[in-house]
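Colleague: Got a structure for you, questions after.
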Amino acid sequence: VNDGPAIGIDVGGTFIKAAVVDSRGTIMGAARRPSQSRDGFETTIGQAAAAAEEAIGQAGVQRSDLLGIGLGVPGIHRSRDGVTVWNPNFGDGWRNKRVAEAFTKALDLAAFMDNDVNVACLGESEFGAGRGVKNLMMITLGTGIGGAIVVDGELVLGATEGAGEIGHTIVEPDGPECCCGGRGCLEVLAAKHPIINRALAKIGSGRRSSLDSLPPDEVTPALIVEAAGNGDAVACEVVLETAYYIGLGLTNAVNLLNPEMIIIGGGIAQAGEILFEPIRRVVRERALPYSSQACRIVPAQLGEEAGVIGGATLARREMARRTPA
Ligand SMILES: [Zn+2]
C-alpha cells in the first residue's frame, strides 16, 4: 500500500523545492519556485503548490498514485496538528497557521509536516549517510546551527518539539550573546558569520593571510577552508577553532545520546577532512571512550535534496501509521 511515490516539499526562505520521490528515495520529478519573506502565507502556499504540480507533471504520475505530501518547514511547530507556530523565514504571516491543511486544500492530498532539519535528517537516515543506522544525530552547519535526533529509527520531537537544538547548547559559558538570549551557544561560535568574523578579526589585527587581499564582505567559510587547505596559518587557526567548538557540542551529544552516527550537513560540511579530522579528534579526546568509539562522524550524502527526499519519507511513514497492517 505504501510503495507508491510521495511528494516532498522543502519550504525554504529563498526557494521552495518540490519533488515526487519513489519508495526507494529516487527523485522522479522536481521543480522549484523562488520565495521571499515578504510573500504572504497564501502566496507562499500557491508557489509551493505550483512547484508540486510541475514536479507531478514531470514525474508523469497520476495524482491518485501519490501517497501524500511531506513538508519541511523552518521554525517552531505543533507538527502533529499540522500547525506552524512561528517561522523565522516568513515572519508574522506564518504565525499559528494550519500549514498542512492549506496544502491538503491546494493539492487534494494528505499533508504532513515537521521542522526542516528533522525532515532532512529523516531523508539522510532513510536514504543517505544514515541508511541502516537506528540511533543517530544530524547537525546542520550554516547561517544557523540546527540538529535532529533519531532514536530507534524514529525522530525525537520532545515536549514542545525543541529536541535536537544543538546550536543552542553552551560550549563557552561566558561567550558571546546568542539570538536565543543565552551566551556562548554553539551557534554564535561556529555558524557561518562567527567563522567569517574570526578570520576578519585576525586579519584586522595585522596577521598576514592570503585572505587579506579580499574585501571583507567577500570572505566566506568556503574560501577560509580553501585557504586552510593551502596552508594559510590564519585560515588553519579559524578552521581548528571552529572544529573545537563543534567538537565540544558533539561531545555533549555523544555523552547524552550515545548515537551510532553523527551526520554533519550544511554548506560548511563540504569542507571535508580538514574540518572533520579535528572535530573527530576533539570528540575522541573528550567524550566517554565507549560512546565515542561507537560513534561515526560523517558528512551528509543527500546535499540539497535531503529536504524533499525527507519530506516524501515523512509522508510515507505517516501514511503507514494510518494504514492498518
Ligand atoms: Zn542560543
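Colleague: Output the qualifying pairs, or none if there are none: Cβ atoms under 6 angstrom, residues six or more apart or on different chains, first residue in segment 153-173 and free of Cβ contacts under 8 Å to residues at least 60 places away in the same chain, second residue more than 12 Å from the ligand (Cβ to nearest atom) and open to solvent by 40 Å² or more (accessible area, probe 1.4 Å).
Modeller: Listed pairs, sorted by first residue: Gly153/Lys134; Ala163/Val156.
Colleague: State whether one or more residues within segment 266-281 are farther than 23 Å from Ala148 by Cβ, in a helix (DSSP H, G or I) and touching a Lys or Arg at 6+ places or on another chain (Cβ under 7 Å).
Modeller: Scanning segment 266-281, I find no residue that is farther than 23 Å from Ala148 by Cβ, in a helix (DSSP H, G or I) and touching a Lys or Arg at 6+ places or on another chain (Cβ under 7 Å), so the answer is no.
Colleague: Still on this model: When segment 118-158 is examined, which residues are found to be within 16 Å of the ligand (Cβ to nearest atom), at pLDDT 95 or above and β-branched (Val, Ile, Thr)?
Modeller: Once the filter is applied, which keeps residues that are within 16 Å of the ligand (Cβ to nearest atom), at pLDDT 95 or above and β-branched (Val, Ile, Thr), segment 118-158 yields Ile139, Thr140, Ile145.
Colleague: Of everything in segment 167-181, what is exposed (fewer than 15 other Cβ atoms within 10 Å of the Cβ) and within 9 Å of the ligand (Cβ to nearest atom)? Give them in sequence order.
Modeller: Glu177, Cys179, Cys180, Gly181
Colleague: Here's a follow-up. Against the condition more than 16 Å from the ligand (Cβ to nearest atom), in contact with a Lys or Arg (Cβ under 8 Å, 6 or more places away or on another chain) and farther than 30 Å from Gly130 by Cα, how does Ser209 come out, does it pass? Can you show your working first?
Modeller: Values: more than 16 Å from the ligand (Cβ to nearest atom): yes; in contact with a Lys or Arg (Cβ under 8 Å, 6 or more places away or on another chain): yes; farther than 30 Å from Gly130 by Cα: yes.
Considered against the rule, which asks whether it is more than 16 Å from the ligand (Cβ to nearest atom), in contact with a Lys or Arg (Cβ under 8 Å, 6 or more places away or on another chain) and farther than 30 Å from Gly130 by Cα, Ser209 comes out as yes.
Colleague: Between a first residue in segment 238-255 that is of a type in the set (D, E, K, R) and a second residue that is part of a helix (DSSP H, G or I), which pairs have beta carbons less than 7 Å apart while being 6 or more apart in sequence or on different chains?
Modeller: Glu241/Arg198
Colleague: Residue under question is Ile274, and the condition is that it be in contact with a Phe, Trp or Tyr (Cβ under 7 Å, 6 or more places away or on another chain), crowded, with 16+ Cβ neighbours inside 10 Å, modelled with pLDDT of 95 or more and farther than 19 Å from Asp10 by Cβ; does it hold? Don't jump to the end; show me each part of the working.
Modeller: Working: in contact with a Phe, Trp or Tyr (Cβ under 7 Å, 6 or more places away or on another chain): no; crowded, with 16+ Cβ neighbours inside 10 Å: yes; modelled with pLDDT of 95 or more: yes; farther than 19 Å from Asp10 by Cβ: yes.
In short, no.
Quick grid of which residues meet (1) within 15 Å of the ligand (Cβ to nearest atom); (2) in contact with a Leu (Cβ under 9 Å, 6 or more places away or on another chain); (3) in a helix (DSSP H, G or I); (4) under 23 Å from Gly123 (Cβ atoms):
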{"position": "Thr160", "(1), (2), (3), (4)": "no, no, no, no"}
{"position": "Glu187", "(1), (2), (3), (4)": "yes, no, yes, yes"}
{"position": "Ile203", "(1), (2), (3), (4)": "no, yes, yes, no"}
{"position": "Ala228", "(1), (2), (3), (4)": "no, yes, yes, no"}
{"position": "Glu241", "(1), (2), (3), (4)": "no, yes, yes, no"}
{"position": "Gly247", "(1), (2), (3), (4)": "no, no, yes, no"}
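Colleague: Any residue in segment 183-209 that is over 16 Å from Leu223 (Cα atoms) and without any contact (Cβ under 8 Å) to a residue 40 or more places away in the chain sitting within a Cβ distance under 7 Å of a residue that is of a type in the set (A, V, I, L, M, F, W, C) and in a helix (DSSP H, G or I)? List the pairs, counting only those 6 or more apart or interchain.
Modeller: Arg207/Val234
Colleague: Then there is this: Give segment 48-72 a look and list any residue that's surrounded by 20 or more Cβ atoms within 10 Å (Cβ to Cβ) and at pLDDT below 95, or say none.
Modeller: Across segment 48-72, there are no qualifying residues.
Colleague: If you don't mind, there's one more thing I want to ask. Answer with yes or no whether Ala110 is closer than 25 Å to Arg80 by Cα, open to solvent by 10 Å² or more (accessible area, probe 1.4 Å), among the aliphatic types (A, V, I, L, M) and touching a residue at least 40 places away in the same chain (Cβ under 8 Å).
Modeller: Numbers: closer than 25 Å to Arg80 by Cα: yes; open to solvent by 10 Å² or more (accessible area, probe 1.4 Å): yes; among the aliphatic types (A, V, I, L, M): yes; touching a residue at least 40 places away in the same chain (Cβ under 8 Å): yes.
Yes.
The values are calculated or read from the model by the stated rules, or taken from the named source; none is laboratory data. All values derive from a computational prediction rather than experimental measurement. With ideal geometry, Cβ positions are generated from the backbone for all residues, glycine too; neighbour counts draw on all protein chains shown. For accessibility, only protein heavy atoms count, side chains too; no ligands or nucleic acids. Shrake-Rupley method; radii C 1.70, N 1.55, O 1.52, S 1.80 Å.
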